[in-house]
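Report on the following structure.
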Amino acid sequence: MIRATITGIAAELPEYILTNEELSRMVDTSDEWIMTRIGIRERRILKGKGKGASQLGAKAVSKLLEKTGTDPSKIDLVICATVTPDYQFPATANIISHNSGIKNAFSYDLNAGCSGFLYALATAQQFIETGKSHKAVIIGAEKMSSIVNYQDRATCPIFGDAAGAVLLEPTNDNTGIIDSKLQSDGVGLPHLHQKAGGSVNPSSHQTVEAREHFIYQEGQAVFKWAVSKMADVSLEVMNRNGLDHNDIAWLVPHQANMRIIEAVAKRMKLDKNKVMLNIEKYGNTTAATLPLCIWEWKERLKKGDNIILTTFGAGFTWGAMYLKWGYNGIHRAD
Ligand code: UT7
């Protein structure tokens, strides 16, 4: 059976580190509050005019192609998951492809909030399994700092900028993506959105003055949904594949809040040391959190490891994926 398997991973992080100490000089907050309520110590910020999410995405993709020894002309599909595209149009995926030498692919963006990377991976999986794609690049790229209100203490500590990218290829060696369940519910709109800049409320002097181009989040409502939906969907995917917690090598959870991750892992009966956690260093990088985790853990992953990825985000959107890791070492060299 042909499956889609990850054969390489890369990431790009901006250099600038925004610490809790610096944030506490901008708004009424403290390192102690942010660490205990969210679990973030610092986040990366992309500085400089004229730099969008594609800047990070293209660097991640260029590194990915280089380290996997992939000829850019062989890539036939590029999907970029993002809520902070360079422009409303054209798609950021097109810009990334152009800037990383990919000329023979169809490239498009996918917006599923923080679940974007998982949605994109599941979408590319279909193209690989049906033989329509042989080498797909899936990216999560965000410049969250472009939509964060640095006068709002309830949201500004949370988010950071980053990009991660994976190469997805067909395999028949019993590794790769085995199952996933993705879901959404539009009931989430009032709890997490950007008020202006879309067709309902186009940009105007008024929308700028009212600071409506930033993230609006009702944290507690999102928190409750995130814990129950991520745990429910992960357990459902595990159960229907005959897996219990002992069978899982790694959980890769969306990095929104350390307390959410702990609660999800507890419901899944997973030991802390099986949970990928890097929120402390990078914060919530929205569509980039999952590839950023896998990228940091890549040396520890072994061929055949059972991995569960799970996310929750704006929409609401959520999901879980079960995959068997495809290689030992830095990247797969077939
Ligand atoms: O990635 C997409 C999905 N997003 C998520 O999963 C986020 C889910 N939500 C959360 O992670 C949490 O709800 C937050 C981190 C956003 C907020 O944490 P919380 O524990 O739910 O705090 P809260 O909103 O209930 O606020 C508690 C108190 C409030 O003060 P009062 O009204 O009790 O006096 C806030 O004003 O904490 C205050 N507060 C702060 N204090 C210091 C809110 N933000 C801050 C801050 N520093 N940065």
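The values are calculated or read from the model by the stated rules, or taken from the named source; none is laboratory data. The structure presented is a predicted model; accordingly, all values stated were derived computationally and were not measured. Note: ideal-geometry Cβ built from the backbone for every residue, glycine included; neighbour counts use all protein chains shown. All accessible areas refer to the heavy atoms of the entire protein, side chains included, with ligands and DNA or RNA removed. Shrake-Rupley method; radii C 1.70, N 1.55, O 1.52, S 1.80 Å.
Points to keep in mind about this one:
- Residues of segment 136-161 classified as basic (Lys, Arg) and surrounded by 23 or more Cβ atoms within 10 Å (Cβ to Cβ), total: 1
- Conditions (1) open to solvent by 20 Å² or more (accessible area, probe 1.4 Å); (2) within 16 Å of the ligand (Cβ to nearest atom); number of the one not met by residue 38: (1)
- Where residue 25 falls short, out of the listed (1) without any contact (Cβ under 8 Å) to a residue 60 or more places away in the chain; (2) over 20 Å from residue 294 (Cα atoms); (3) buried (at least 22 other Cβ atoms within 10 Å of the Cβ): (3)
- Residues that are away from the ligand (no atom under 15 Å from the Cβ) and more than 21 Å from residue 43 (Cβ to Cβ) do not occur anywhere in segment 223-231.
- Among the residues of segment 113-130, the ones that are open to solvent by less than 40 Å² (accessible area, probe 1.4 Å) and either over 18 Å from residue 92 (Cα atoms) or touching a helix residue (DSSP H, G or I) at 6+ places or on another chain (Cβ under 6 Å) (or both) come to 6 in all.
- Evaluation of residue 141 against (1) in a strand (DSSP E or B); (2) more than 16 Å from the ligand (Cβ to nearest atom); (3) closer than 25 Å to residue 253 by Cβ (one fails), failing number: (2)
- Within segment 81-112, if we keep just the residues that are of a type in the set (Phe, Trp, Tyr) and over 21 Å from residue 170 (Cα atoms), the residue that is least open to solvent (accessible area, probe 1.4 Å) turns out to be 87.
- Residue within segment 240-249 that is under 26 Å from residue 43 (Cβ atoms) and assigned by TED's automatic domain parsing to the domain that holds residue 306 present: no
- Scope segment 144-156; condition touching a strand residue (DSSP E or B) at 6+ places or on another chain (Cβ under 8 Å) and not polar (S, T, N, Q); matching residues: 144, 147, 148, 154
- Residue check: residue 298 meets all listed conditions (1) in contact with a Ser or Thr (Cβ under 6 Å, 6 or more places away or on another chain); (2) within 29 Å of residue 19 (Cβ to Cβ) but one, namely (1).
- Candidates 183, 125, 206, 194, filtered to the one that is under 18 Å from the mean Cα position of the chain (by Cα), among the polar types (S, T, N, Q) and in the same structural domain as residue 313 (by TED's automatic domain parsing): 183
- Check on residue 82, of a type in the set (Ser, Thr, Tyr) and more than 23 Å from residue 294 (Cα to Cα): no
- Near pairs, Cβ below 9 angstrom, 6+ apart or cross-chain, from segment 214-228 (open to solvent by 70 Å² or more (accessible area, probe 1.4 Å)) to any residue that is within 8 Å of the ligand (Cβ to nearest atom) and in a loop (DSSP other than H, G, I, E, B): 216/155
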